[in-house]
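The structure under discussion appears below in the form of structure tokens.
The values are calculated or read from the model by the stated rules, or taken from the named source; none is laboratory data. This structure is a prediction, so every number in the text was calculated from the model and none was measured. All Cβ positions, glycine included, derive from the backbone under ideal geometry; neighbour counts span all protein chains shown.
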Amino acid sequence: MIPPVASRFVAGEARADAVDRARALNDRGIGAILNLLGEHYDDREPADADAAAYEALLEAIDEAGVRARLSAKPSQLGLRVGEDVFETNARRVVEAAAGRDAFVWFDMEDHRTTDATLDVFEAMTQVHPGGVGVCLQANLRRTADDLDRLAGLPGRFRLVKGAYDEPTDVAYRSRKRVNDAYRDLIDQALRTHDGGVAVGTHDPAMIDHALEAREAHGGDLELQMLMGVREDAQTELAADHDVWQYVPYGSRWLSYFYRRVAERKENLLFALRAVLGR
Ligand code: FDA
């Protein structure tokens, strides 16, 4: 069982917990992006098992009638085992989603995985046009060119600052440079891409920029944040905008919880306060 201190950030261990969380979010006007925790598999077996778990999740979402999408990590679907394994498992999940008119996001991992992830995303836009999306990271120097190349595809883009510690030859390292690149990418995406743009950020300045850019350029914009982070702001924004919450679940919750605490020590305090009811 997940201890109360971690349950601020993780829906639970079971698929049913994720679906329950989606239902509760829908009641607040927020969509759910459900992510089965798992990554960096070096063997095929867990990658195939997680692809099967995503198929079962799609069925559960359909049965429950909740407004929910999936998000999977490339290394969870077997990218480390082989690009072909990743593509096979991605196709399996995306075909299942297409049959249920559901949507699949691909998370983006470190820069060594970018080419393979974008290749598979591109292939999946042909399998389920309009039903897939991929994350693009503002800290990578290559991203404006990637967006330029991919802008016409029938898929959605989730723009984020980038969570991986990357070397300077491929990435911007200063906070200011990343923020500048992020604003530019938001403008570029809304100007050039009709398929839908999401901003995955908790940063009020970036959210304001995205809302202003949408006013200026038009376009289909959604706001995405993580479970347990700025929950009140998510509810407030959902009154006027399309808001989605990224909801992790599953038995591999411990490292995810540590990551949330490591990136922001206050997260532990918030979580403890929630447990203590103060
Ligand atoms: P950042 O950490 O730069 O903080 C800026 C400001 O935001 C802060 O000053 C504060 O005002 C506010 N803020 C941030 N965290 C807060 C908190 N915990 N509580 C209150 N205020 C807070 N990365 C990746 O590489 N690949 C991926 O696939 C994804 N996917 C993804 C999906 C979604 C839905 C989200 C929200 C994020 C990701 N990310 C990601 C992570 C992303 O790259 C980035 O590391 C984090 O979102 C942190 O950056 P921010 O833009 O949120 O703000």
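Have a look at ARG252, ARG214 and point out the one that is touching a Leu at 6+ places or on another chain (Cβ under 6 Å), of a type outside the set (Ser, Thr, Tyr) and under 22 Å from PHE106 (Cβ atoms).
None of the others qualify; the one that does is ARG252.
Select, from ARG259, ARG230, ARG264, the only residue that is within 13 Å of the ligand (Cβ to nearest atom), among the basic types (Lys, Arg) and farther than 15 Å from ASP203 by Cα.
Being within 13 Å of the ligand (Cβ to nearest atom), among the basic types (Lys, Arg) and farther than 15 Å from ASP203 by Cα holds for just one of ARG259, ARG230, ARG264, which is ARG259.
Do we have any residue at all in segment 142-150 that's within 12 Å of the ligand (Cβ to nearest atom) and either surrounded by fewer than 21 Cβ atoms within 10 Å (Cβ to Cβ) or more than 20 Å from PHE103 (Cβ to Cβ) (or both)?
Yes, segment 142-150 contains a residue that is within 12 Å of the ligand (Cβ to nearest atom) and either surrounded by fewer than 21 Cβ atoms within 10 Å (Cβ to Cβ) or more than 20 Å from PHE103 (Cβ to Cβ) (or both).
Go through the residues of segment 160-182 one by one and say whether even a single one is of a type in the set (Asp, Glu) and either within 12 Å of the ligand (Cβ to nearest atom) or in contact (Cβ under 8 Å) with a residue 60 or more places away in the chain (or both).
Within segment 160-182, one or more residues are of a type in the set (Asp, Glu) and either within 12 Å of the ligand (Cβ to nearest atom) or in contact (Cβ under 8 Å) with a residue 60 or more places away in the chain (or both).
Looking only at residues in segment 112-141 that are in contact (Cβ under 8 Å) with a residue 40 or more places away in the chain and near the ligand (Cβ under 10 Å from one of its atoms), which one is nearest to ARG80 (Cα to Cα)?
The extreme case among them is THR117.
Can you tell me which residues in segment 161-175 are among the hydrophobic types (A, V, I, L, M, F, W, C) and assigned to a loop (DSSP other than H, G, I, E, B)?
If the condition is that a residue be among the hydrophobic types (A, V, I, L, M, F, W, C) and assigned to a loop (DSSP other than H, G, I, E, B), then ALA163, VAL170 are the ones that fit.
Working only within segment 143-157, note down all residues that are modelled with pLDDT of 95 or more and more than 19 Å from VAL199 (Cβ to Cβ).
Selection gives ASP145, ARG149, PRO154.
Looking at segment 137-160, which of its residues are basic (Lys, Arg) and not in a helix (DSSP H, G or I)?
The answer is ARG141, ARG142, ARG156, ARG158.
Residue by residue, here is whether (1) within 27 Å of ALA68 (Cα to Cα); (2) crowded, with 20+ Cβ neighbours inside 10 Å holds:
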{"residue": "PHE106", "(1), (2)": "yes, yes"}
{"residue": "GLU122", "(1), (2)": "yes, no"}
{"residue": "GLN126", "(1), (2)": "yes, no"}
{"residue": "ARG156", "(1), (2)": "yes, yes"}
{"residue": "GLY162", "(1), (2)": "yes, yes"}
{"residue": "TYR172", "(1), (2)": "no, yes"}
{"residue": "ASN179", "(1), (2)": "no, no"}
